[in-house]
Every structure is written in C-alpha cells, then in structure tokens.
Amino acid sequence: MLKTLLITLATSSVLATAVGAAPAHASTRQESIFQDDSTLVSSSDAKRQQALDEIKALGATTVHSLLFWSRIAPNSDSTTKPAGFDATNPAAYPPGAWFQYDQLVDEAQARGLQVIFSPVQAPRWADTCKSNAHHCKPRASDYQQFVEAAGKNFPQVHRWSAWNEPNQSNWLYPQRQRVHGHIIPTAAIEYRNLFRAMTAGLQAAGHAGDQFLLGETAPLGRTTGTLGKRFLSPTEFFQGVFCLDSRGHKLRGRIAKDEGCSGRYATLAATGIAHHPYNRGGSQPPTRRPTGPGEITIANLSRLSAVINQGARARRIRGGLKFYFTEFGFQTNPPDRLFGVSLSRQARYINESDYIAYRNSRVAGVSQYELFDDPVLSVFQTGLRFKDGKAKPSLGAYRLPIWVTRSGSGVRVWGQVRPAGGTPQTVAIQNGNKKFKTVKTVRTSSNGYFLVRVGHQAGPKWRLSWTSGGSTFTSRAAGIGT
C-alpha cells in the first residue's frame, strides 16, 4: 500500500488545495461491488439496464450475482438426472436457461462493470440425501460438470466464487453430524469438495487463470438447535475446510479420517476470500462486536485474518489472500420495523463500514447488497432506494462516503469520491450546521480517496461537495464519529 504523509492544515476559512493522503496500512485500491439479483436478473430488461446505469454512475466497478444451478438445469425438481444429459455442454441445457444471465453479463460489461458469479443451489437429482431439495449434500461431481458448462457459456467472465453462505443450513445441509462419538462440520467438508469441483470445472473450461474466491460465508453461527441446522460460525467453517482443529492444528487420527482429512491435503486453488460481514442481519452498528464464539462481522475482522492465516500456515491455501466482502448492507425502518435501522443511521453505518474497510489493508472489495429494497418484506431491505424507486439518504452517502474523527483541537476528514473512475477528483470539505461553507479543497487519489487533517472550525458538522458533468453532489452531514 502507498505510504504518504498526512497533511497538517491551517485554520483559515478557505484553505489552499492539497492532496489527501493515506495512512501506511490503508486499503486505497478497494473495488466497489454491487449485488441485486432481484433487479439485475429477475426483473425486466428496462429496469435492469436502468439499474446498471445507476450502479455505474454511483462508482461501482463490479456486479456479484448468484448463478442458480437449480434454475438452469433440466428436470430440476426431479430426483432423477435426465438420461443422456451432457451437463458439461451449455447447449444441452433447456432453451433460454442461460438467457437472463447472458443479458446481465453483456449489459454489465458494456458499461465496464466486471461480473462475479457464484454457482449455487443444486437440482434435486444432484442432492445425495433427497430430503432437503436443492441444498442437501450436493454431489460434487455434478457441480463440477455444471460449473464447467458455465465456464464455457461465459468465456468473458473471469471471477467466480463457490456457493453462497455454506455455513447456513438453508444453503447447505446438514451443518453438523455426529460420527463415531464426535461432532463433525459436515457443511465444511462438503464445501471443501464443492470448491475443488468448481476450480476443476473452470480449469477444464479454459478458466485456469481466473479468480476463485473461497468462502462466501455468513457472519454468525449457532450453538443450539439440531445438529443439521446448527450454523457453523465462519471460524469453525474455515477450520473445517482447512482440516484444522479449534487451535489451528492439523487434524490427526480418527477425527481426521471422519472429516476426509487423512492423507495429503492438496492446496486449494483459492485466489481470494469472500465473506459477508453483516452485523446481525444488517441491523446493528458496524462497531458492535458479535457475541457468539467464532463469529466474524465488520467489527472484528482480525478474527477473519487469524483463521485465514491458520489455513495459510498449514499450506491449505496461499498466504496473503485478500478479502472480498461480496454481500453487505444495513436494513432500514421503514420498511422493516423489526430489523431495520433509521434511514439516517443506514447512511451513517455504510460510511463507517467503508472507513473500517479502508483501514484494513487486506480488504480488496466491499459490496452494497441491493440497489432497491426487496419486494418481499421478510427478505432484506438494505437497498439505497425503496422498492418504489424513491431514494434513501444512503444513496448520496454511498456515492460520497465521509467519516470524521477527532485529531487534537481539529479533525481528520476521510472521504471518497466513489465514481472517481481512476482519475483524481477535486472535493470541497465544508463545515457548518444548517448552512455550510467550504474550509478546504482537496485532490483525491486516482481511486477517489483522501484523508486530511483540518483545524478547529465553529460548526459541528462536516460534508463533502463534488461537481461532475455540471452537477454538484453533496455527502451526508457528518459529526465527529457519527
């Protein structure tokens, strides 16, 4: 990471232009990822194109989408695989099966947006236990064939991650089982096989040099309930994938055999780690640490580093892999009165999370989950717009993140022009309350970041003002630590 000096600023009302600088361990080249499958895959072409235009204008660089195997495969609800079906051939799938995803890829890439696909959810004929349709011990060999077909169908896609939230029983079942008197992390064992199958399928399809993300883990676990539905914490899950015990040591003996860890462990071909660091379903402040053992949210990323480092030391993965937060957001009230936070808090929490991620040099990408609230209230209401399209305050906060911290008698102002697009931008830092005046003009990095110190000012609030293409945009008004 670039190491530059913070600039000490004078306290005059309008200060000379300066370049905002980053601390030594900042992650100044993060990508901004967006996921909204309801809009980008399942809606009309017109709404998808409109959404992609806005996602691009907001400064996102990448779209993440779940590639539903069960929706593409033939006879998905049957327990019998079609006779003579060549699952590695994309042309053998039902007519139009790939169409919505083809459109997403073509339209995203036409706007310069990259695509990450997560192949997920098996047809019933690929479930080996049959009792829990689409996610019960999916057969890795069938998954490999589907992913190979996906790789052939999307030669222009070069970023992939295996499954989705495999440490939750509604995505991968069972989570745990009792074998020979001890409890094993079944979902982690199954996922290890699925990840190897994904990389093998993509390599067979000519994608050997692509990005392969490991994990896509949910942040929380469970310590009660039936074993099959007792979610693995992300720490337990990764340790299970890596064939390690709770102290990070390699499994040996009977338990190693029961967890498929006897013999030589071939290093996983992971090139990055994907995680969803929500705080309690996107309903808690980003600094509130989780209470469960092994849980990992945006508030305790050192725990993610620790378990991934355990895997690297055991040579299960390469060392130094970067983290991609491929699903993340905060729900609002309205509309969700149970799990939502206020509209202003959503905007604040998004900015605070951006600042936390910026300060962690291993974070390479952060996602905003949903542009629009989900039409179903019980699903996530993390959008920057309500389902009717009305903007929330978080829309502007996402475009121009700001976070202010105390620095002696003055403050440090961190910010980003997310739509910078590789070109340094000029930003006005303003101070005030109901009325604001410019007290500093800064030049951002090529990725839109700056961090500067500003001397004492009378007003309690700070905001950013940025002009582009004849339009002026302002950030939310931020106080110190708010």
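Let's see how each residue does on (1) touching a Ser or Thr at 6+ places or on another chain (Cβ under 9 Å); (2) within 22 Å of PHE34 (Cβ to Cβ); (3) of a type outside the set (Phe, Trp, Tyr):
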site	(1), (2), (3)
ASN351	yes, yes, yes
ASP373	yes, yes, yes
GLN381	yes, yes, yes
VAL427	yes, no, yes
ASN447	yes, yes, yes
PHE450	yes, no, no
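All but one of (1) under 24 Å from TRP160 (Cα atoms); (2) open to solvent by less than 10 Å² (accessible area, probe 1.4 Å) hold for GLU327, so report the exception by its number.
Only one criterion in (1) under 24 Å from TRP160 (Cα atoms); (2) open to solvent by less than 10 Å² (accessible area, probe 1.4 Å) is unmet by GLU327, namely (2).
Name the single residue that is farthest from the chain's Cα centre (by Cα) among those in region 287-310 being free of Cβ contacts under 8 Å to residues at least 12 places away in the same chain and not in a helix (DSSP H, G or I).
THR291
Any residue that is among the small types (Gly, Ala, Ser), outside any loop (DSSP other than H, G, I, E, B) and more than 17 Å from the chain's Cα centre (by Cα) - is there at least one of those in region 311-320?
Scanning region 311-320 turns up at least one residue that is among the small types (Gly, Ala, Ser), outside any loop (DSSP other than H, G, I, E, B) and more than 17 Å from the chain's Cα centre (by Cα).
Within region 330-339, restricting attention to residues that are farther than 16 Å from THR297 by Cβ and assigned to a loop (DSSP other than H, G, I, E, B), which residue is most open to solvent (accessible area, probe 1.4 Å)?
Only one residue fits best here, namely ARG337.
To keep it simple, each residue is scored yes or no on (1) open to solvent by 50 Å² or more (accessible area, probe 1.4 Å); (2) at positive phi; (3) not hydrophobic (A, V, I, L, M, F, W, C).
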| position | (1), (2), (3) |
| --- | --- |
| PHE380 | yes, no, no |
| GLY396 | no, no, yes |
| ILE402 | no, no, no |
| SER409 | yes, no, yes |
| THR426 | yes, no, yes |
| ARG463 | yes, no, yes |
| GLY479 | no, no, yes |
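Could you go through region 429-441 and let me know if any residue there is touching a Lys or Arg at 6+ places or on another chain (Cβ under 8 Å), of a type outside the set (Ser, Thr, Tyr), part of a loop (DSSP other than H, G, I, E, B) and open to solvent by less than 70 Å² (accessible area, probe 1.4 Å).
No, every residue in region 429-441 fails to be touching a Lys or Arg at 6+ places or on another chain (Cβ under 8 Å), of a type outside the set (Ser, Thr, Tyr), part of a loop (DSSP other than H, G, I, E, B) and open to solvent by less than 70 Å² (accessible area, probe 1.4 Å).
I'd like the full set of residues that are under 22 Å from the mean Cα position of the chain (by Cα), part of a loop (DSSP other than H, G, I, E, B) and small (Gly, Ala, Ser), limited to region 167-200.
Across region 167-200, the qualifying residue is only SER169.
Out of curiosity, is VAL157 open to solvent by less than 20 Å² (accessible area, probe 1.4 Å), in contact with a Gly (Cβ under 7 Å, 6 or more places away or on another chain) and either outside any loop (DSSP other than H, G, I, E, B) or more than 24 Å from GLY221 (Cα to Cα) (or both)?
No: the conditions fail for VAL157.
Here's a check for you: in region 95-148, which residue that is assigned to a helix (DSSP H, G or I) and β-branched (Val, Ile, Thr) is surrounded by the most Cβ atoms within 10 Å (Cβ to Cβ)?
VAL147
Does any residue in region 417-440 that is at pLDDT 95 or above come within less than 6 Å, Cβ to Cβ, of a residue that is part of a helix (DSSP H, G or I) and surrounded by 14 or more Cβ atoms within 10 Å (Cβ to Cβ) six or more places away or on a different chain, and which pairs are these?
Hits for this filter: ARG418/ARG399.
Does region 200-218 hold any residues that are in contact with a strand residue (DSSP E or B) (Cβ under 8 Å, 6 or more places away or on another chain) and open to solvent by 10 Å² or more (accessible area, probe 1.4 Å), and which are they?
Result: ASP210, GLN211.
In region 290-323, which residue that is open to solvent by 60 Å² or more (accessible area, probe 1.4 Å) and either among the polar types (S, T, N, Q) or touching a Cys at 6+ places or on another chain (Cβ under 7 Å) (or both) is farthest from THR223 (Cα to Cα)?
Top of the filtered list is SER302.
The values are calculated or read from the model by the stated rules, or taken from the named source; none is laboratory data. Source: prediction; values computed, not measured. No Cβ is skipped: glycine too gets one built from the backbone with ideal geometry, and neighbour counts run over all protein chains shown. These area figures cover heavy atoms from the full protein model, side chains too; ligands, DNA and RNA do not enter into them. Shrake-Rupley method; radii C 1.70, N 1.55, O 1.52, S 1.80 Å.
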